[in-house]
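Single-structure report; data block below.
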Amino acid sequence: GEDAADGIRARMFRPVVVALIVMAAFFAAAASAEGFAVGTPDRASDLPRAAGHDDVRAAHRRSALAQRNTHARPDFAYYMTKSDALDEVRAIVDANPRTMRLDAVTAEQDGYASELLVVTVEPNGLDTPPKRGREKTRVLYNYGEHGRELITVQVAVQLLRELAKGVEHASTLSHETIGQSATAAALVDSIVKIVPMENVNGREKVEGGEWCERKNGRGVDTNRNWAVDWGVKEADFDPYEEYPGKEPFSEPEARMLRSLVEEFKPHAWVNVHSGMEAMFMPYDHKASEPRGEGAEAMRSILRDLNEFHCGGRCATGGGGKGVGYLAHGTATDWVYEKGGVPVAFTWEIYGDTQAHYMDCFRMFNPIGEDHHDAVVKNWVAAGVSALPMLARHPDLPTASAARGIGVGGSGGSGSVAVGGDDGEEEEEPAG
């Protein structure tokens, strides 16, 4: 009868339907990995596009898709969960009231809320006067801006542990070329603020199984939400990866950090990421660098940090020149241009360039406890080494104290104009 015929037809077409479903899933995954963001509307379709820049990221995606996906996951025997990391931060500060203070800031927008923990560290004692000059050097370290970059939070917590042990201990962590005495002097005359995990909501999504998530809890890349060249899209713009929000500073995370910069007025900013090995200075949104004595001091610091802590492997210089693509609306560009911070860096502390494009934990975080520990130790040391090297910059309080610290100490004494690819030279903003 008709029922029997329908059953026969159903059995005949079932393999075809299954095959079509499998093919659709395959092409959806490939399209998503290529940056088409299947299932994600191009909410930024009305944003202005930049023209004429090479599609470097798409080429990387194609190459990464050819690798084997190992589906790596964190081993929480040595990686900390979000709650473990933030609990550890609170415990460290509570145990060291003479040198550390914790502030918890919250912000909300359209029903979406986030919290920012900020640790203030004065290794010689909170609110103590500087030993040299009229003021201490103010340094702001930001970690965990992208949820999938767990290793950066590991570094932040370990840096707090090391600083809690006091000036004498922490001064031994810097590179031997710098010297313990110069490092101790810098620690005594520094106020260091550390944001151990900017993107707490995005991190929660990662631990919930979204291992490739970099954006915040409502799908905005907070490192594209700042008001320098905000909203410009490159030809290979990927809304799934870097949706910049509805407007500059639409996100609580970015607004809280902006307020921190405006209130603290740091002399130096370091935004710590993973995904590659690099140490960048402005600019991200154009393929050129600042010029002048201060800019050359930044280049000098990065050159030596690269040698000391990256084995010469790190790309250094302007992010827009060195990374192979332009990024618009970044924190570092705003901090430097609008925030008036004399020294502004973005550090990329780890990346597995052989990982499959969707093997995100492996791509952004070291696998194996020994590898993890080595990366953490090295970049904690880099955070300490940077403090005495800041004296090379002419606009910092300790500028006259130690221009010659490190191999490239002469870098702060000259002026080198560095232009973009078209020969354009950039004026250095007033510090």
Have a look at L117, L140, L102 and report the one farthest towards the positive end of the charge dipole of region 84-149, computed about the Cα centre with Cβ charges (Lys/Arg +1, Asp/Glu -1).
L140
Assuming a strict under-20 Å limit between Cα atoms, what lysine pair count do you get for region 152-271 once near-sequence pairs (fewer than 8 apart, same chain) are dropped?
6
So how exposed is R101, as accessible area in Å² (1.4 Å probe, rounded to 10)?
90 Å²
Of all the C-alpha pairs in region 82-241, what % are more than 19 Å from each other?
61 percent
Which log10 I(q)/I(0) values does region 97-164 give at q = 0.15, 0.17, 0.27 Å⁻¹ under the Debye formula, counting every alpha carbon as one identical point scatterer?
-0.65, -0.79, -1.28
Per 0.36 nm of contour for each residue apart, how much would the distance between D84 and Q354 grow if the chain were fully extended, relative to their Cα-Cα spacing?
94.2 nm
Rounded to the nearest whole number, the Stokes-Einstein translational diffusion coefficient of region 241-334 at 37 °C and 0.692 mPa s (Kirkwood radius, C-alpha pairs) in µm²/s is 226 µm²/s
What accessible surface, in Å², does a 1.4 Å probe find on V167, ignoring ligands, DNA and RNA and rounding to the nearest 10?
30 Å²
Along the Cα→Cβ direction, 7 angstrom out, place labels at E210 and K265. What is the inter-label distance in nm?
3.9 nm
Using the Karplus curve 6.51 cos²θ - 1.76 cosθ + 1.60 with θ = phi - 60°, what ³J(HN,Hα) values do you get for each residue of region 114-121, in whole Hz, with x for Gly and Pro?
8, 10, 10, 8, 10, 9, 9, 10
Please state the shape class of region 299-392: rounded when a/c is under 1.5, otherwise prolate if a/b exceeds b/c and oblate if not, all from the C-alpha gyration tensor.
oblate
Based on alpha-carbon centroids, what's the gap between region 219-270 and region 338-403 in Å, whole number please?
20 Å
Residue-level accessible surface for E207, protein heavy atoms, 1.4 Å, Å²:
60 Å²
Inter-site label distance for R98 and D370 at 7 Å from Cα along Cβ, in nm
3.9 nm
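The values are calculated or read from the model by the stated rules, or taken from the named source; none is laboratory data. Treat the numbers as computed from the prediction; the structure is a model and nothing was measured. As a convention, Cβ positions derive from the backbone with ideal geometry for all residues, glycine included, and neighbour counts pool all protein chains shown. SASA here: full protein model, heavy atoms, side chains in, ligands and nucleic acids out. Shrake-Rupley method; radii C 1.70, N 1.55, O 1.52, S 1.80 Å.
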